[in-house]
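The values are calculated or read from the model by the stated rules, or taken from the named source; none is laboratory data. For clarity, every value in this text was computed on a predicted model and none was experimentally measured. Methodologically, a virtual Cβ is constructed for each residue, glycine included, from the backbone with ideal geometry; neighbour enumeration extends over all protein chains shown.
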Amino acid sequence: MSYHHLAIATRDMLATHKFYSDAMGFELVRVEKAQTGPDAWAKHFFYDTGDGTMMAFWEIHDPAVAEDFPTSISTGLGLPKWTNHIAFGVDSLEELDAARIRINAAGFDVAEIDHHWCKSIYVDDPNGIMVEFCVTTKAFGKDDKQRALDALTSDQLADEPPPIIKVFEAG
């Protein structure tokens, strides 16, 4: 089953729009505006991610909500930035490289990590949310699946080989 959309709140919809349109290459396809209380309302912006699934953002106008509410889904909860993130799939290393080039051209630094079974690029959006593009480079085998099952009940796992990290600065 696929997901329809992922919705997140933003404090700066214009910066969010620039990032998700220019850097991510998503298309703004719909907005809804609705009353959410007697003196409150919100706009809900929907971006097509390219395959019919959507990323959505709430612009909240509510005197009961602090103007400086945390938008990061990790650091806002006191967790490391990389913990909760959004990962979009790509089909090839060439598509991953094209996404990195587009994001850099839009003015954002990109970290690339080879995890030895997938390769990813990472960028922070204007809301402090880590966004990832990822391509699987190695099929999962029986050993991978057994290791995952074993990890449910044991912390006695060998460490993975260290990832290979490159940083591509914008500009």
> Yes or no: Ala148 farther than 23 Å from Phe46 by Cα, more than 22 Å from the chain's Cα centre (by Cα) and assigned to a helix (DSSP H, G or I)?
Replying inline: yes
>> Please count how many residues of the range 14-24 are within 13 Å of the chain's Cα centre (by Cα) and either exposed (fewer than 13 other Cβ atoms within 10 Å of the Cβ) or not polar (S, T, N, Q) (or both).
In response: 4
> Within the range 74-99, which residues are among the hydroxyl-bearing types (Ser, Thr, Tyr), in contact (Cβ under 8 Å) with a residue 24 or more places away in the chain and part of a loop (DSSP other than H, G, I, E, B)?
Replying inline: Ser74, Ser92
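When you check Thr137 against the structure, is it hydroxyl-bearing (Ser, Thr, Tyr) and at pLDDT below 95, yes or no? Reasoning before the result, please.
Working: hydroxyl-bearing (Ser, Thr, Tyr): yes; at pLDDT below 95: no.
In short, no.
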>> Can you tell me which of (1) farther than 28 Å from Val29 by Cα; (2) of a type outside the set (A, V, I, L, M, F, W, C); (3) surrounded by 14 or more Cβ atoms within 10 Å (Cβ to Cβ) is the one Asp109 doesn't meet?
In response: (1)
>> Suppose the filter is closer than 20 Å to Tyr20 by Cα, part of a loop (DSSP other than H, G, I, E, B) and of a type in the set (S, T, N, Q); does Thr71 pass it?
In response: yes
> For the range 27-46, does any single residue satisfy the condition of being modelled with pLDDT of 95 or more, closer than 13 Å to Asp125 by Cβ, among the aromatic types (Phe, Trp, Tyr) and not assigned by TED's automatic domain parsing to the domain that holds Val131?
Replying inline: no
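Would you tally the residues in the range 1-26 being of a type in the set (A, V, I, L, M, F, W, C) and touching an Asp or Glu at 6+ places or on another chain (Cβ under 7 Å)?
To start, the set of residues in the range 1-26 that are of a type in the set (A, V, I, L, M, F, W, C) comprises 1, 6-9, 13-15, 19, 23-24, 26.
Filter once more, keeping what is touching an Asp or Glu at 6+ places or on another chain (Cβ under 7 Å): 13, 19, 26.
Total satisfying the criteria: 3.
Results for (1) more than 16 Å from the chain's Cα centre (by Cα); (2) under 25 Å from Val29 (Cβ atoms); (3) surrounded by 14 or more Cβ atoms within 10 Å (Cβ to Cβ); (4) β-branched (Val, Ile, Thr), shown as yes or no for each residue.
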| residue | (1), (2), (3), (4) |
| --- | --- |
| Ala56 | no, yes, yes, no |
| Asp97 | yes, no, yes, no |
| Ile101 | yes, yes, no, yes |
| Phe133 | no, yes, yes, no |
>> Could you check the range 39-52 and list, in sequence order, the residues that are surrounded by fewer than 14 Cβ atoms within 10 Å (Cβ to Cβ) and under 18 Å from His4 (Cβ atoms)?
In response: Gly50, Asp51, Gly52
> Which of (1) part of a loop (DSSP other than H, G, I, E, B); (2) loosely packed, with under 13 Cβ neighbours inside 10 Å is the odd one out, the single condition Val29 does not satisfy?
Replying inline: (1)
>> Conditions first: (1) hydroxyl-bearing (Ser, Thr, Tyr); (2) assigned to a strand (DSSP E or B); (3) loosely packed, with under 13 Cβ neighbours inside 10 Å. Ser120 passes all but one, so which condition is the exception?
In response: (3)
